[in-house]
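Structure record follows, encoded as C-alpha cells.
The values are calculated or read from the model by the stated rules, or taken from the named source; none is laboratory data. Predicted model, so just to flag it, every value in this text is computed and none were measured. Here the Cβ is made from the backbone with ideal geometry for all residues, glycine too, and neighbour counts use every protein chain on show. Surface areas here come from the heavy atoms of the whole protein model, side chains and all, with no ligands, DNA or RNA. Shrake-Rupley method; radii C 1.70, N 1.55, O 1.52, S 1.80 Å.
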Amino acid sequence: MRMATWEHAGTVASGVVLGDGDDTRVHAFPGGETGLDAVRLGLDGLLALGADATATDGVPLVDVRLLPPLEAPTVRDFVAFEEHVEGVVKGVGDGGTVVPEWYEAPTFYFTNPYALVGSGADVAVPPGCSVLDFELEVAAVVGAEGTDLDPATAARHVVGYTVLNDWSARDLQRREMRVSLGPAKGKDFATTLGPWLVTADELADRVDADGFLRLLMTVEVNGVEVGRDLLSNMGWPFGDLVAYASRGTWVRPGDVLGSGTCGNGGCLGELWGRNGRQDPPPLRPGDVVTMTVEGIGTISNRVVEGRSAPVVPPARPRSRDRA
C-alpha cells in the first residue's frame with residue numbers, strides 16, 4: 001500500500017494512492033486520520049484503514065500538492081554507506097580514509113522535523129550558503145514503540161519506507177563540524193520525504209537473507225543522472241539501525257530513520273572528494289533534483305533563491321576578569 005498526505009482545494013488529507021500513470025488517484029482516510037495517526041496503528045491497522053479508504057471518492061494525483069507522508073516527531077539520519085563516507089572524507093577529512101569508529105556502530109544525527117517538505121516543493125538556498133548539495137537516501141518509518149530492541153524485533157517495528165533527500169549546505173556544515181559538533185545549520189533548512197510511504201509488506205520480497213533491501217536508487221540534476229547505487233550496499237540493514245536507535249531510549253510510531261547517503265554519486269560531496277574538485281558544481285537556483293528508488297517512487301524539487309537573515313556576531317573573546 002502507498003500512503004500519502006496532500007493538499008487539495010485548501011484542505012490537507014491523508015490516505016492511499018491507487019492506480020498508475022494518468023489513472024493514479026488519492027483516496028482520503030474516511031475518518032480524517034493524519035499520516036501519523038495511521039502509522040500509530042502499526043502495519044496491520046494501517047492496511048485495514050487503507051482498505052476503508054479505497055471506498056472513498058478519489059482525487060486525481062495531478063490535482064493535489066504532495067506533502068511529506070506524515071508529520072514525523074523525530075528524524076534520525078544515519079551514515080550507513082561506506083562508499084559515501086570514503087568519498088566525502090577524501091574531500092573534507094584528514095587522511096582520506098574511513099575511520100575505524102565508523103565500523104563499530106551505526107552513527108546518526110537528529111535533524112529538524114519542522115523542515116520536512118514534500119516532492120514538488122521549492123527548496124530555498126539557506127542563508128549564508130554558497131555550496132549546496134543533495135543526498136540520496138531511503139528512510140524507514142517506525143510503526144510500533146520499543147526500547148532496547150534486538151535487530152530482528154526492530155525490523156518488525158518498521159511500518160514502511162519513503163525516499164529522503166537530506167539537503168546539505170556543505171560550507172556551513174564544514175565550519176560547524178570543525179568544532180567537533182554538528183551538523184546543525186548545514187542541514188536543518190530542508191529535508192524532502194516522499195512521494196509517499198510504501199508499507200513494508202509491499203517490499204518484503206526484496207529483502208535478502210541478511211535483511212537488506214535490494215532496491216535501485218538513482219539521482220538526476222536537470223535530467224542528467226549523477227549517481228546510482230543499490231540500497232543493499234548499506235553497512236547495516238534497517239533493523240540494526242532501529243535497534244541501535246532504541247538503545248537506552250525509545251523509538252515510537254512516526255519516528256523517521258534515514259539510511260544515510262548512498263555511494264556512487266549519491267551526493268555531490270562524494271564526487272568532489274573523488275574528483276579532487278567541485279565537479280559537478282554545487283547546486284544553483286533553477287536546478288531540479290530528482291530522486292527515484294525502485295519500488296518506492298520518485299521525488300523532485302527545484303532549488304530557488306534564498307533570503308538573507310540577520311547577522312549573528314562572532315563570540316566575544318573570553319574575559320580575564322575574576323570574581
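Remarks
- Gyration tensor verdict on the stretch 1-49 (Cα atoms; rounded if a/c is under 1.5, prolate if a/b is larger than b/c, oblate otherwise): oblate
- Between N222 and A9, the modelled label-to-label distance comes to 4.0 nm, taking each label 7 Å out from Cα in the direction of the beta carbon.
- Taking W196, W250, W236 in turn, the Gaussian network model of the chain (Cα-Cα springs below 10 Å) assigns the largest fluctuation to W250.
- Using a probe of 1.4 angstrom and keeping all protein chains present, the accessible surface of the stretch 32-180 works out to 45 square angstrom per residue.
- Distant alpha-carbon pairs in the stretch 229-302 (separation over 21 angstrom), percent: 46 percent
- Convex hull projection area averaged over all views, the stretch 159-203, Cα basis, nm²: 4.0 nm²
- As a fraction of the 1.4 Å probe accessible area of the chain, surface on carbon and sulfur atoms comes out at 51 percent.
- The stretch 55-136 - percent relative contact order, Cα under 8 Å, separation 6 or more: 38 percent
- Pairs of Cα atoms nearer than 8 Å and 6+ residues apart set the relative contact order; for the chain it is 23 percent.
- The ratio of the alpha-carbon radius of gyration of the stretch 75-231 to the globular-protein estimate 2.2 N^0.38 Å is 1.10.
- Equivalent ellipsoid dimensions for the stretch 56-152 as semi-axes, Å, which come from the Cα gyration tensor, largest first: 31, 23, 12
- Overall form of the stretch 152-265 per C-alpha gyration tensor (a/c, 1.5; a/b vs b/c): oblate
- More than 18 Å apart - percent of Cα-Cα pairs taken over the stretch 181-323: 70 percent
- Descending semi-axes in whole angstrom, ellipsoid equivalent of the stretch 186-227, from the Cα gyration tensor: 25, 16, 11
- Computed over the Cα atoms of the stretch 35-88, the ratio of the radius of gyration to the Kirkwood radius (Rg/Rh) comes to 1.17.
- Mean silhouette area of the stretch 267-323, derived from the convex hull of its C-alpha atoms and averaged over all directions, reads 9.3 nm².
- Relative to the Cα centre, the charge distribution of the stretch 243-323, modelled as +1 at Lys and Arg Cβ and -1 at Asp and Glu Cβ, gives a dipole magnitude of about 640 debye.
- Rg and Dmax, both from the Cα atoms of the chain and both in Å, are 20.0, 74.
- Sorted on the mean count of surrounding Cβ atoms within 10 Å across their residues, most packed first, peptides 109-115, 154-160, 134-140, 17-23 read 134-140, 154-160, 109-115, 17-23.
- The stretch between V62 and R316 holds 86.1 nm of extra length on full extension. This uses 0.36 nm per residue minus the Cα-Cα distance.
- Each residue of the stretch 1-121 gets 156 Å³ once the volume of the Cα convex hull is shared out per residue.
- Rg ratio (alpha-carbon, reference 2.2 N^0.38 Å) - the stretch 130-171: 1.63
- Legend: calculated FRET efficiency, E294 to L181, from the Cβ-Cβ distance at R0 = 41 Å, rounded to 0.05, equals 0.70.
- Mean separation of Cα contacts under 8 Å, 6 or more apart, over the residue count of the stretch 1-98: relative contact order %: 28 percent
- Largest GNM mean-square fluctuation among L216, L67, L271, using the chain with Cα springs under 10 Å: L216.
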